[in-house]
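In what follows, a structure is listed as structure tokens, so that the remarks can point back to it.
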Amino acid sequence: MSTAVSEAIDNLQSLTTLTVLNASAALERGLSALKAGQTVFDLRHVLTVDSVAVSVMLAWQRAAQDAGVKLELKNLPPALQSLTKLYGVCSLLFPPEVKLAQDGAAASNPAHEEFAPVNAPESFFTQKTGLADDPASHHHH
């Protein structure tokens, strides 16, 4: 009987990839783990990821919310962390009290604001520089 229990509580540590190739299998595993009452997924071994990983994690979170439980995604490797940042879903996947940064820094650091991309209208740059009309500025490789 203990084997069945340890199987259910593998908390997804044996998951090593989360890509389009195994997304549905991983999704199923997560959903059945949730059904088995598991609310902590340890993703430390997930080394290979693509954009599908984010969708899978979001689907797990939705399933957990529907079930009225709080899912905790733990030990995300850097590749997975940067994907969640890239898609701006940090706050959806991780409640505000969960800090992704390992060094104890708060998740939103005002010092980082200056590095945020500025979405100034393109015309602003082209008017300023006049580069748009200059054929020399178009580099063809």
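Brief remarks on what is shown
- Per-region count, the range 36-63, residues more than 18 Å from Y87 (Cβ to Cβ) and either in a loop (DSSP other than H, G, I, E, B) or without any contact (Cβ under 8 Å) to a residue 24 or more places away in the chain (or both): 7
- Whether a residue is modelled with pLDDT under 90 and of a type in the set (G, A, S) was assessed, and S51 does not pass this test.
- Filter result (part of a helix (DSSP H, G or I) and closer than 16 Å to E28 by Cα) within the range 66-81: D66
- In the range 1-48, the residue that is surrounded by the most Cβ atoms within 10 Å (Cβ to Cβ) out of those that are modelled with pLDDT of 90 or more and either touching a Phe, Trp or Tyr at 6+ places or on another chain (Cβ under 6 Å) or acidic (D, E) (or both) is G30.
- Answer residue from the range 25-78, given it is over 14 Å from the mean Cα position of the chain (by Cα) and β-branched (V, I, T) and is nearest to L12 (Cα to Cα) among those: V40
The values are calculated or read from the model by the stated rules, or taken from the named source; none is laboratory data. Note that the structure is predicted; figures quoted are calculated from it, not measured. A quick note on method: Cβ atoms are made from the backbone with ideal geometry, for glycine too, and the neighbour counts reach across all protein chains shown.
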